[in-house]
Amino acid sequence: MPANAQNQTDYEALCRNRESYGFSQEECDRWIREQNQRSPTNSSGNGRSTVNSAFIGEKVYKLRLRDAPTGNIGQQSIFSPGDLDREEWVVVTLINNQRVKVRHATNVMNKFWGTRKWYDHPATAIRLCAIDGFDTTDCVTAQGDTIDLPEGKTINDVQIDFKYVEGGSVYTRSVQIAPGTLPD
């Protein structure tokens, strides 16, 4: 997956190339509006704003789940339905070391044209559980795609379970960010 968008110093350049970062136009427009509200104008005097990842306070972890061919046994035939391959990712954004935002992303390659397209699926519900064992009694839950970490816990201290909708079906995934894993 490409480098983290927050590492870009010019978010407008990011949005010109948004599909390679896995952002929808809607997400990109929202992100630009937010950055224009909180970013200082740069000192060059050209009036354009720049963004520093330290200013944003976000860490983005991109976890690749799997690659899976789809379609039927005659997959390599141009007459078979389906796409050539698909990659599944979970994107966990840690905001100010307290708030967690989760989305599932699928990257699908069209076998006929050879092009790739990203599909984002925001979480519809999230559960964070302490990973002291395989016990789910010490958990917090939230509807939507964001949740606050429990008091005294870090992103490495919790298991993230979430639901999302893809193609009309509801799916669940569970991930943990291991200690030592660096954000993009």
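Observations on the model:
- Residue that is within 22 Å of G57 (Cα to Cα), under 12 Å from the mean Cα position of the chain (by Cα) and buried (at least 16 other Cβ atoms within 10 Å of the Cβ), where the choices are T93, T106: T93
For every residue, the table says whether it meets (1) surrounded by 12 or more Cβ atoms within 10 Å (Cβ to Cβ); (2) at pLDDT 95 or above; (3) under 15 Å from the mean Cα position of the chain (by Cα).
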residue: G82; (1), (2), (3): yes, no, no
residue: F112; (1), (2), (3): no, no, no
residue: Y119; (1), (2), (3): yes, no, yes
residue: A123; (1), (2), (3): yes, yes, yes
residue: A130; (1), (2), (3): yes, no, no
residue: T146; (1), (2), (3): yes, yes, yes
residue: Q159; (1), (2), (3): yes, no, no
residue: S174; (1), (2), (3): no, no, yes
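- A residue that is of a type in the set (G, A, S) and in contact (Cβ under 8 Å) with a residue 40 or more places away in the chain occurs somewhere in the range 116-130.
Condition check ((1) surrounded by fewer than 17 Cβ atoms within 10 Å (Cβ to Cβ); (2) on the phi > 0 side of the Ramachandran plot; (3) among the aliphatic types (A, V, I, L, M)) across all residues:
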position	(1), (2), (3)
K101	no, no, no
D135	yes, no, no
P150	yes, no, no
E166	yes, no, no
A178	yes, no, yes
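- Close pairs from the range 135-160: first under 17 Å from A123 (Cα atoms) and in contact (Cβ under 8 Å) with a residue 40 or more places away in the chain, partner part of a loop (DSSP other than H, G, I, E, B) and of a type in the set (S, T, Y), Cβ under 8 Å, at least 6 apart: D145/T124
- Hey, S44 surrounded by 12 or more Cβ atoms within 10 Å (Cβ to Cβ), modelled with pLDDT under 50, polar (S, T, N, Q) and not assigned by TED's automatic domain parsing to the domain that holds K153 or not: no
- Whichever residue in the range 161-184 is without any contact (Cβ under 8 Å) to a residue 24 or more places away in the chain and not in a strand (DSSP E or B) and, among such residues, is farthest from L63 (Cα to Cα): G168
- Filter pass, G144 being small (G, A, S) and farther than 13 Å from V102 by Cβ: no
The values are calculated or read from the model by the stated rules, or taken from the named source; none is laboratory data. Quantities reported herein were computed from a predicted structural model and do not represent experimental measurements. All Cβ positions, even for glycine, are placed from backbone atoms using ideal geometry, and neighbour counts span all protein chains on display.
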